[in-house]
Amino acid sequence: MMMIIRNVRVFHEENPVHVRLESGMVMDVYPADPAVKEGMDGHGYFLVSGFTDLHVHGAGGADFSCGEAEKVIQADAMLTRLGTTSYLATTFYLPDGPNDHLNILRDLFHSGRCPGMKGIHLEGPFIAPEKRGGILPDRIAPYKRSILEDITNTCGDALKMMTIAPEIDETESIIRDMKSRDIIASFGHSNANAEETRQALEMGVDHVTHICNAMRPIHHRETGPIPEIVNSGATVQIISDGVHLAPRMVRFLASLLGYSRCVCITDGMLSTGLPDGEYVYQGKAFRAKNGEARFIHDDGLIGTNLSVREIAARFMHFTACSLEDAVRTVTENPCRVLGTHPFHDCVQPGSVADLLLVDQDLNLHHVWKDGNLVV
């Protein structure tokens, strides 16, 4: 089916253009002709690639650890409606089992029934208990090769990213094994000091899970991991909600890292896309309010209820960056991490027709998935 989206702006073109979609792809981008009335009028808004979230736990009342295929599909559909057309389903491995939820995610990934799912991101189990944040204790274990083998056998090639604490035993062996399987080794939920962090980065850890959260802060004698991360070439996840990171910290980090290394993520919960209220996650009640998700029993911060589009909009506000730079943090930058650049992050002939129509303030007007209008 062919569709024309007319009178839109794209970042690499100075003047408005028309965009022709066909067979789920962008087929042509050409100068706008006011005489053409065919297709949908974009009203001069920006047409950008669909957004990618490398760290999201669920949406629409369902989380990726629930072990129910239909609910996972429900979360996928909600994320698409919110403009997140690609994501890593973020979840956990239970050392004592069962891990049926991983089998379900793997099968859904291969079946195409969750078209936005680009793989699995495991937080743990090889992380520091003292830096577990909202991760429950039964999802953490000391390193054992048998556990890593079971993880990779269970997830197969659906496992794209794994968050590890580099101060754990046999770090070099873990990183080497992950790299050989094309699994992204991400630094996070770690109590590593500066030297342990530097060694892990030199071994090949090249991505960071929600910087500043669930890791040592900067201290003037033991600087901790953050300066080492900044001085490396690693890409860095940023929860730019103004709560996980204060607005001025978001701006500070962006100034140190440069926009090309910033990857905005949500750490989004099952309440994403739903009204504020009380929900249950992994058997514990939490409250969703004003974009925050907190356990009710201790007010512990466990994630957000924001779409990655909203996170990018706050990043733009906090850093005073351009719209193009803000969009890059949820398109090109995460796609480079995943290895899907440029097919999923550019509006150009040959790219996938996962597209959003947004205005200058990143308000969402329309969503296309595989060339089909969703919203």
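Within segment 160-256, what whole-number % of the accessible surface is contributed by carbon and sulfur, with the 1.4 Å probe and all protein chains included in the calculation?
Working: 1930 of 4060 Å².
With neighbouring chains kept in place, the figure for segment 160-256 is 48 percent.
Tell me which residues come under 5 Å, amide H to amide H, from D53 once H is placed; ignore anything under 5 positions away on its chain.
Result for D53 returns S86, Y87, L88.
Please work out whether segment 210-358 counts as rounded, prolate or oblate from its C-alpha gyration tensor, where a ≥ b ≥ c are the square roots of the eigenvalues and a/c under 1.5 means rounded, while otherwise a/b larger than b/c means prolate and anything else oblate? Write down the numbers at each step before the final one.
On the way: a/c = 1.96, a/b = 1.14, b/c = 1.72.
Oblate, since a/c reaches 1.5 and b/c is not below a/b.
Can you tally the lysine pairs in the chain where the Cα-Cα distance is under 20 Å and the two residues are eight or more apart, or on different chains?
11
Can you compute the modelled spin-label distance between K284 and N193, with each label point 7 Å from Cα toward Cβ, in nm?
With each label placed 7 Å out from Cα toward Cβ, I get 3.0 nm.
Taking the Cα atoms only, what angle lies between the long axis of helix 145-155 and the longest principal axis of the chain, rounded to 10 degrees?
20
Which residues in segment 286-318 place their backbone N less than 17 Å from a point set 7 Å from the Cα of A246 along the Cα-to-Cβ direction?
Residues passing the 17 Å test: 318.
So with the 1.4 Å probe, I'd like the accessible area per residue for the chain, rounded to whole Å².
Numbers: 15020 Å² over 375 residues.
For the chain, the per-residue accessible area is 40 Å².
For every other residue with a beta carbon closer than 9 angstrom to the beta carbon of T266, add +1 if it is Lys or Arg and -1 if Asp or Glu, then tell me the sum.
On the way: positive: none; negative: D53, D241, D267, E310.
Its environment carries a net charge of -4.
Going by average Cβ neighbours within 10 Å, how do the peptides 116-128, 23-35, 146-158 rank, with the highest at the top?
Details: 116-128: 24.8, 23-35: 13.9, 146-158: 16.1.
The densest-packed peptide leads the list: 116-128, 146-158, 23-35.
Report, to the nearest 10°, how far helix 171-180 tilts away from the longest principal axis of the Cα atoms in the chain, using its own Cα long axis and a range of 0 to 90°.
30
Shape of segment 170-247 from its Cα gyration tensor (a ≥ b ≥ c, root eigenvalues): rounded if a/c is under 1.5, otherwise prolate when a/b > b/c, or oblate?
Details: a/c = 2.28, a/b = 1.41, b/c = 1.61.
Verdict is oblate for segment 170-247.
Rounded to the nearest 20 debye, what is the charge dipole size of the chain about its Cα centre when +1 sits on each Lys and Arg Cβ and -1 on each Asp and Glu Cβ? Don't jump to the answer; show the numbers that get you there.
Values: 33 positive and 49 negative charges, 73 e Å.
Here the size comes out at about 360 debye.
Excluding C212 itself, what net charge comes from residues whose Cβ is under 14 Å from its Cβ, given Lys and Arg +1 and Asp and Glu -1?
On the way: positive: K131, R216, R248, R251; negative: E228, D241, D267.
After counting each charged neighbour, the total is +1.
What percentage of the solvent-accessible surface of segment 260-375, computed with a 1.4 Å probe over protein heavy atoms, is contributed by carbon and sulfur atoms? Don't jump to the answer; show the numbers that get you there.
Working: 2090 of 4480 Å².
Using a 1.4 Å probe with all protein chains present, segment 260-375 comes out at 47 percent carbon and sulfur.
Net charge near A32: determine it from the other residues with C-beta under 15 Å of the C-beta of A32, scoring Lys and Arg +1 and Asp and Glu -1. All intermediate terms of the calculation are to be shown ahead of the outcome.
Details: positive: R6, R9, R20, K37; negative: E13, E14, D28, D33, E38, D41.
Overall, the nearby charge balance is -2.
Taking Cα atoms, how many degrees apart are the long axis of helix 308-319 and the longest axis of the chain, rounded to 10 and kept between 0 and 90?
Computed tilt is about 90 degrees.
The values are calculated or read from the model by the stated rules, or taken from the named source; none is laboratory data. Since the model is a prediction, treat every value here as computed from it, not as a measurement. Note that each Cβ is placed from the backbone with ideal geometry, even for glycine, and that neighbours are counted across all protein chains shown. Each accessible area value is taken on the protein alone, full model and side chains, heavy atoms only, with ligands, DNA and RNA left out. Shrake-Rupley method; radii C 1.70, N 1.55, O 1.52, S 1.80 Å.
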